[in-house]
1. Under 8 Å by Cβ, and 6 or more places apart or on different chains, what pairs join a residue from region 257-268 that is touching a residue at least 24 places away in the same chain (Cβ under 8 Å) and over 8 Å from residue 303 (Cβ atoms) with one that is away from the ligand (no atom under 11 Å from the Cβ) and aromatic (Phe, Trp, Tyr)?
2. Could you tell me how many of the residues in region 91-131 are hydrophobic (A, V, I, L, M, F, W, C), open to solvent by 30 Å² or more (accessible area, probe 1.4 Å) and within 16 Å of the ligand (Cβ to nearest atom)?
3. Looking only at residues that are surrounded by 24 or more Cβ atoms within 10 Å (Cβ to Cβ) and among the hydrophobic types (A, V, I, L, M, F, W, C) in region 314-339, which one is farthest from residue 165 (Cα to Cα)?
4. I'd like the full set of residues that are more than 10 Å from the ligand (Cβ to nearest atom), under 19 Å from residue 93 (Cα atoms) and open to solvent by 10 Å² or more (accessible area, probe 1.4 Å), limited to region 295-313.
5. Go through (1) closer than 16 Å to residue 264 by Cα; (2) among the β-branched types (Val, Ile, Thr); (3) within 25 Å of the chain's Cα centre (by Cα) and name the single condition residue 345 misses.
6. Within region 132-149, can one find any residue that is within 16 Å of the ligand (Cβ to nearest atom), open to solvent by 10 Å² or more (accessible area, probe 1.4 Å), of a type in the set (Ser, Thr, Tyr) and more than 20 Å from residue 291 (Cβ to Cβ)?
7. Which count do you get for residues in region 164-176 that are more than 11 Å from the chain's Cα centre (by Cα) and either within 16 Å of the ligand (Cβ to nearest atom) or open to solvent by 10 Å² or more (accessible area, probe 1.4 Å) (or both)?
8. Anything in region 32-73 that is open to solvent by less than 70 Å² (accessible area, probe 1.4 Å), over 30 Å from residue 327 (Cβ atoms) and hydrophobic (A, V, I, L, M, F, W, C)? List them, or say none.
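The values are calculated or read from the model by the stated rules, or taken from the named source; none is laboratory data. Computed from a predicted structure; not experimentally measured. FYI the Cβ positions are ideal-geometry reconstructions off the backbone, even for glycines, and counts take in every protein chain you see. We work out accessible area using only protein heavy atoms, side chains counted, and drop any ligands, DNA or RNA first. Shrake-Rupley method; radii C 1.70, N 1.55, O 1.52, S 1.80 Å.
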Amino acid sequence: MTKQAGFIYTPNFLNYQFTADHPFNHKRVLLTKELLEGQSTLTTEDLIIPRIAADEELSLFHDTVYIEAVKRAGSGSLKADRAQEYGLGTEDTPIFSNMHQAASQLVGGTLTAVEKILNGNYKKIANIGGGLHHGFQRKASGFCIYNDCAIAIKYLRKQEDLKVLYVDTDAHHGDGVQAGFYDDPNVCTFSIHETGRYLFPGTGNVNERGIKSGHGYSFNLPIDAFTEDDSFLELYETALRKIAAFFKPDIIVTQNGADSHCLDPLTHLCGTMKIYERIPLLAAEIADTYCEGRWLAVGGGGYDMWRVVPRAWAQVWNVMKTGTYCKGPLPEQWLEKWQKEAPVTLPSSWQDGAEIQPNIPRRAEITEKNKLLLEDMLKYTAVI
Ligand SMILES: [Zn+2]
C-alpha cells in the first residue's frame, strides 16, 4: 500500500554542527519536528528513520579523493593546505569531529526518501535535514559538505529513467546541483534566488542555461535584493508553471531553504511566511499534475532558526500531509518549551503580522526589474 506522506527524522541530524555559534544550526530540524507534533499534524506513524549513506552512494556525485579528505578531516588527520584545496577548514565550512559520519547521515535521509518513493511505499516525503545544495564534486562550499540533493538525483536516475525537476527556492543559488546536471536533459534545474551581485555564491545568472544536450534545461531567476512577497510569488509561480509544462517531470525534488524571509540575517530578500505557504502548495500541485504525486522535499538554508525556519519547514509538511498549510496560533507547549531557550521573542502565530514587513522605498522599481528578468529567462528557452 502506498502512503501519501512520510517525514524523515533522526536525532543524529543534530550531529551536523560546525561550531557552537555557526549560523547553520540543525536544531532547526528538531524545532520543526516538535512544532508539528505540538500541532498534531505529525504523528509517530508519519516518521521514517533514515539509514546512513554508503561511500559508494556518495561517490555517485563526489570524487573518492574528496570523500577520503572529508574522512581524514573529521578524524583530525588532514593537513591544513590539503583541507583548503577541498574547501574544508574555511570560515564557512570549518572542520569538526566525525564530519563525514554527520554529513553521510543527512545524505542517508534523502536517499531513504528517494528509495521509498521509487519503490512505491510513499508518494511524498520530506527530509528537512537535507538540502545541502552548495556541495561540489570535489569541494565543500557554503556550509555544505556532501550534496544530498545531487546524490539523490544521481541515485534516482541510476535506478529508473525518470525525468527529474529540481526546484530551489533557497535565497542562495543552487550552484552545486546545477553544476551536477548542467549537461543532462533529463534533469531540469530551476533556482530562484537573490542576485549574486552581492551575495554568495555569486552565480545563478539568467543566462546560465545548461550546456551540450542539457542546454535549455537550467533555469535561473536572480531576483533583486529587497524583493517582497508579491513580486517573488508572481515570478516564481509563472516560471514554475511554465517550466513544468515544458519539461513534464516524472518526479519533483524541491529544496526549501528558508532564508528569503525579511528576518533572515544572511540575505537581503524581504519575504514573509506567505511565500512559505505558497511554495509547498505549488510543489504539491505540480507533483499531482505531472508526477503521479511523487514529490521529495528537502530543507536547506535558513538562519533565523527560531522565528522563521520551524514555521516555514513545518508548512512544507503540513501541505504534504493535509493538502494545506496551518493557520492561527502556534501550539502553546512548543512556545513555552522553546521560549526559555530562544534569544528572541518567538512568533505566536503561523502567519506573520503586517508589522514584520519593512518599508521598501524601491518596491515598484524592484518589481519592474524582476518582471524583465522573468521575460529574459523565458526568452532564452523553449518555454512559452
Ligand atoms: Zn541559502
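1. So the pair list comes out as 258/276; 258/313; 260/232; 261/276; 268/198; 268/226.
2. Of all residues in region 91-131, those hydrophobic (A, V, I, L, M, F, W, C) come to 95-96, 99, 102-103, 106-107, 111, 113-114, 117-118, 125-126, 128.
Then drop every residue that is not open to solvent by 30 Å² or more (accessible area, probe 1.4 Å), which leaves 95, 118.
Checking which are within 16 Å of the ligand (Cβ to nearest atom) leaves us with none.
Total satisfying the criteria: 0.
3. 314
4. Taking region 295-313 first, the residues more than 10 Å from the ligand (Cβ to nearest atom) are 295-299, 304-313.
In the following step, the residues that additionally are under 19 Å from residue 93 (Cα atoms) were identified as 299, 304-305.
Matches in region 295-313: 304, 305.
5. The number of the failed condition is (3).
6. Yes, the conditions are met somewhere in region 132-149.
7. As a first pass, look at region 164-176 and keep what is more than 11 Å from the chain's Cα centre (by Cα): 164-165, 175-176.
Add one more test, that the residue is either within 16 Å of the ligand (Cβ to nearest atom) or open to solvent by 10 Å² or more (accessible area, probe 1.4 Å) (or both), and what stays is 175-176.
Total satisfying the criteria: 2.
8. 53, 54, 58, 60, 61, 65, 67, 69, 70, 73 - these are the residues of region 32-73 that are open to solvent by less than 70 Å² (accessible area, probe 1.4 Å), over 30 Å from residue 327 (Cβ atoms) and hydrophobic (A, V, I, L, M, F, W, C).
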